[in-house]
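The values are calculated or read from the model by the stated rules, or taken from the named source; none is laboratory data. Since we're looking at a predicted model, the values are computed, not measured. Cβ: placed from backbone, ideal geometry, glycine included. Neighbour counts: every protein chain shown.
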Amino acid sequence: MSATGDSAANRDAPGAPLEYVLRLGDTALVLAQRLGEWIGHAPAIEEDLGLANTALDLLGQARLLLAYAGEIEGRGRGEDDLAFLREESAFRNATLAEMPNGDFGDTIVRQLLLDAYQVPLYERLSASRDPRLAEIAAKALKESRYHLRYSSGWVVRLGDGTEESHARVQASLERLWPYTLELFDADELDRAVVASGVGPDPRAVEQDWSIRVDAVLAEATLARPATARYRWYGKQGRHSEHLGHLLAEMQHLPRVHPGARW
């Protein structure tokens with residue numbers, strides 16, 4: 001197709017709603033912040049670097065998504081403004097991403113559950129009718145596949161390791177599992193982006209997520225927890241008590257020194 005044809009197609013393609021892009025960007029940002037808390041504290045230098053690299057990948061994804069969100073919003077706010085100058089209730093991240101690190105097993109289980117979600121999500125978003133979102137998703141997909149290999153490998157090592165490591169990782173899985181329900185519970189916004197061809201059906205993403213997670217759990221000799229009720233809905237701004245503490249640390253410097261530059 002000619003350059004003129006490409007431009008015409010892009011003009012005709014529907015754009016992603018602001019709230020939807022914020023859900024993607026905020027989840028990547030908050031998870032990056034959580035993983036960054038491990039730097040200098042991981043159980044080994046190699047894992048210190050592994051978690052840091054994953055955090056940097058997620059931060060890069062967040063920057064692209066929040067920059068796009070700022071353009072959609074049209075109020076002159078950039079990625080830094082959206083990251084550091086919004087209040088807790090304005091964040092739209094999945095609640096699972098804001099859960100505390102706990103021990104290394106808690107962090108790895110949380111990472112597996114989100115990595116196994118982001119891979120099929122970005123696979124489908126790469127074919128989004130929004131060309132900008134499709135481009136961001138294609139880049140994020142390559143990184144997310146690596147993240148999933150990393151977290152899967154560790155869950156298997158811990159689950160199929162010692163009696164203690166198995167018991168502790170199973171407990172982590174039980175604690176974090178209820179937060180996964182939010183990822184696939186379609187609301188009005190989810191249904192709108194599916195109808196417009198911008199985003200995938202959460203039920204289709206859930207099917208792939210379950211296949212990936214179940215395969216890892218089987219290899220790790222871990223039991224899939226039963227479905228449980230939950231009361232958090234971070235993607236609609238209803239967060240756990242943990243996000244406020246995370247933001248207080250993450251946003252401290254730019255709020256104390258607004259407009260500061262290195």
| request: Please work out which residue is farthest from Leu158 (Cα to Cα), limiting yourself to the stretch 88-142 and to residues that are in contact with a helix residue (DSSP H, G or I) (Cβ under 8 Å, 6 or more places away or on another chain) and acidic (Asp, Glu). | output: Glu88
| Of the numbered conditions (1) at pLDDT 95 or above; (2) under 16 Å from the mean Cα position of the chain (by Cα), Ala223 satisfies every one except a single condition; which is it? | (2)
| How many residues does the stretch 187-205 contain that are of a type in the set (Gly, Ala, Ser) and either modelled with pLDDT under 95 or over 21 Å from Thr95 (Cα atoms) (or both)? | 4
| task | Write out, first by first residue and then by second, each pair whose Cβ atoms fall under 6 Å of each other, whose residues are 6+ apart or on separate chains, and whose first residue, in the stretch 186-199, is within 16 Å of Leu121 (Cα to Cα) while the second is among the charged types (D, E, K, R). | result | Leu189/Glu19; Val194/Asp201; Gly197/Arg129; Val198/Arg129; Val198/Asp130
| field | Close pairs from the stretch 243-262: first over 12 Å from Arg34 (Cβ atoms), partner surrounded by fewer than 10 Cβ atoms within 10 Å (Cβ to Cβ) and small (Gly, Ala, Ser), Cβ under 8 Å, at least 6 apart | value | Leu253/Ala260; Pro254/Ala260
| request: Please enumerate the residues belonging to the stretch 19-54 that are without any contact (Cβ under 8 Å) to a residue 40 or more places away in the chain and surrounded by fewer than 20 Cβ atoms within 10 Å (Cβ to Cβ). | output: Gly36, Ile39, Gly40, His41, Ala44, Ile45, Glu46, Asp48, Leu49, Ala52, Asn53
| query | Can you pull out the residues in the stretch 186-219 that are of a type in the set (Ser, Thr, Tyr) and more than 16 Å from Asp130 (Cα to Cα)? | reply | Ser210
| query | Here is a list of conditions, (1) modelled with pLDDT under 95; (2) outside any loop (DSSP other than H, G, I, E, B), and Arg229 meets all of them except one; can you say which number that is? | reply | (2)
| said: Let me confirm something: among Leu158, Leu114, Leu133, Leu125, which residue is hydrophobic (A, V, I, L, M, F, W, C) and in contact with a Pro (Cβ under 7 Å, 6 or more places away or on another chain)? | reply: Leu125
| Failed item, numbered, when Arg224 is tested on (1) touching a helix residue (DSSP H, G or I) at 6+ places or on another chain (Cβ under 6 Å); (2) surrounded by 15 or more Cβ atoms within 10 Å (Cβ to Cβ) | (2)
| note | Scanning the stretch 152-198 for residues that are within 23 Å of the chain's Cα centre (by Cα), part of a helix (DSSP H, G or I) and of a type in the set (Asp, Glu), the one farthest from Gly102 (Cα to Cα) turns out to be Glu188
| message | Checking Leu253 against (1) in a loop (DSSP other than H, G, I, E, B); (2) within 24 Å of Arg77 (Cβ to Cβ): exactly one of these is not met. Which one? | response | (1)
| task | Go through Asp214, Asp208 for me and flag whichever is within 21 Å of Ile108 (Cα to Cα), modelled with pLDDT of 95 or more and either over 17 Å from the mean Cα position of the chain (by Cα) or not in a helix (DSSP H, G or I) (or both). | result | Asp214
